[in-house]
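The values are calculated or read from the model by the stated rules, or taken from the named source; none is laboratory data. These numbers come from a predicted model, not from an experiment. Every residue, glycine as well, gets a Cβ built from its backbone with ideal geometry; the counts of neighbours run over all protein chains shown.
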Amino acid sequence: MFKILIVEDTLTIREEIHDILVMEGYIVFEAENGGIGFEIALKERPDLIISDILMPKLNGFEMHEKLQNNKITKLIPLIFLSAKAEKSDISVGMNMGAEDYLTKPIDVEDLLNTVKVKIEKKYFI
């Protein structure tokens with residue numbers, strides 16, 4: 001089964017996404033900031049990362065840059081997640097090489113469809 005890492009500093013949002021993905025059969029790891037997320041990505045090598053942007057210690061953009069600069073994590077697709085649906089954030093994330101961008105509050109159908117498409121793209125296309 002596919003492994004997904006959720007990097008989100010708000011516990012309730014992290015748990016909500018975790019529960020949704022586990023019910024769909026995914027193996028899910030959680031991190032409360034980008035520093036921990038990066039370490040988990042190195043250790044577990046998830047198939048996909050869903051990451052908030054605004055977090056303490058290491059934000060989503062900074063974590064994504066570290067992932068892209070590491071040969072072990074470079075090819076892990078990342079979906080940014082944020083309450084801010086501002087065009088500038090979307091633009092920065094996509095220009096950094098993010099696979100997609102989701103907004104909070106979480107739309108379950110959108111989350112599941114996006115995850116499925118990104119994993120299929122990585123392994124089946």
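Please work out if residue 99 is at pLDDT 90 or above and either of a type in the set (Val, Ile, Thr) or surrounded by 15 or more Cβ atoms within 10 Å (Cβ to Cβ) (or both). Walk me through how you get there before you give the answer.
Working: at pLDDT 90 or above: no; either of a type in the set (Val, Ile, Thr) or surrounded by 15 or more Cβ atoms within 10 Å (Cβ to Cβ) (or both): yes.
It is false that residue 99 is at pLDDT 90 or above and either of a type in the set (Val, Ile, Thr) or surrounded by 15 or more Cβ atoms within 10 Å (Cβ to Cβ) (or both).
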Single condition residue 75 does not satisfy, out of (1) free of Cβ contacts under 8 Å to residues at least 60 places away in the same chain; (2) closer than 19 Å to residue 101 by Cα; (3) touching a Ser or Thr at 6+ places or on another chain (Cβ under 8 Å): (3)
Odd one out for residue 42, checked against (1) modelled with pLDDT of 95 or more; (2) on the phi > 0 side of the Ramachandran plot: (2)
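A quick yes/no check of all residues on (1) in contact with a strand residue (DSSP E or B) (Cβ under 9 Å, 6 or more places away or on another chain); (2) closer than 13 Å to residue 32 by Cα:
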| position | (1), (2) |
| --- | --- |
| 63 | yes, yes |
| 70 | no, no |
| 74 | no, no |
| 81 | yes, no |
Filtered residues of the stretch 115-125 (kept if touching a Leu at 6+ places or on another chain (Cβ under 9 Å) and at pLDDT below 95): 118, 119, 122
Any pair with Cβ under 7 angstrom, 6 or more apart, that starts in the stretch 1-27 at a residue that is at pLDDT 95 or above and ends at one that is part of a helix (DSSP H, G or I) and among the basic types (Lys, Arg): 6/14; 8/14
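How many residues does the stretch 17-43 hold that are surrounded by 14 or more Cβ atoms within 10 Å (Cβ to Cβ) and closer than 19 Å to residue 2 by Cβ? Don't jump to the end; show me each part of the working.
Within the stretch 17-43, the subset surrounded by 14 or more Cβ atoms within 10 Å (Cβ to Cβ) is 17-18, 20-21, 24, 26-38, 40-41.
Filter once more, so that each one left must be closer than 19 Å to residue 2 by Cβ: 17-18, 20-21, 24, 26-31, 37, 40-41.
Residues in the stretch 17-43 being surrounded by 14 or more Cβ atoms within 10 Å (Cβ to Cβ) and closer than 19 Å to residue 2 by Cβ: 14 in total.
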